[in-house]
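Just below is one structure, and these are the notes that go with it.
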Amino acid sequence: MTRDPEARALPSGQALTKFSLAVNRSYSTKEGEKREEVTYVDIESYGKQAEIIAKYCGKGSGILVEGRLKLDQWEDKKTGEKRSRLGVVLENFTFIGGKAQGGEEGGSAPRSRGGNDTPAPSGDQARPWHSPKFSSSSPSTA
């Protein structure tokens, strides 16, 4: 995790936790030169999973996520330009390696399968990526 997760409750009372992951990719060029690239991915989780992540994870925690892609689109209020951001809505996760919040080893936590019985909200509640409270660690916004 690139920063501590941000947790809040939606007006419906459902828990929402947002965080960002750095995904590293190592590769070699045709010339044999080793390179590494990093992609920053914004993740949102709901329900019990959101509560668990908020409680046990922090900046530097290792977490393996499975989820679905979600494209958020909006119009920039200042410039009038259309903006978009691709993120992930978490469906399953596993704590991996490293130390979680509170100094416990992240690898010892059980895998969370499902557990998110409540569907992600729609309408204005489904647009958390451009909420003023949540800013992406990724330097690029399409």
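Just so you know, all these numbers are worked out from the coordinates, no wet-lab data involved. Computed from a prediction, not measured in an experiment: that's the story for all the values here. Using ideal geometry, Cβ is built from the backbone for each residue, glycine included, and neighbour counts are taken over all protein chains shown.
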Can you work out D for the range 1-107 in µm² s⁻¹ from Stokes-Einstein, where Rh is the Kirkwood radius over C-alpha pairs, the temperature is 37 °C and the viscosity is 0.692 mPa s?
-> 211 µm²/s
Looking at the range 19-71, which trypsin sites (Lys or Arg not before Pro) are in a loop (DSSP not H, G, I, E or B) and have at most 13 other Cβ atoms within 10 Å?
-> LYS30, LYS59
Given a Förster distance of 22 Å, the FRET efficiency implied by the Cβ-Cβ spacing of ARG35 and SER84, rounded to the nearest 0.05, works out to 0.20
Between GLU75 and SER26, what FRET efficiency follows from the Cβ-Cβ distance if R0 is 35 Å, with the result rounded to 0.05?
-> 0.35
Loop-located GluC sites (Glu not before Pro) in the range 1-58 whose Cβ has at most 11 other Cβ within 10 Å (DSSP) | GLU31, GLU33
Rounded Å value of the spacing that divides the Cα centres of the range 1-24 and the range 28-60 = 12 Å
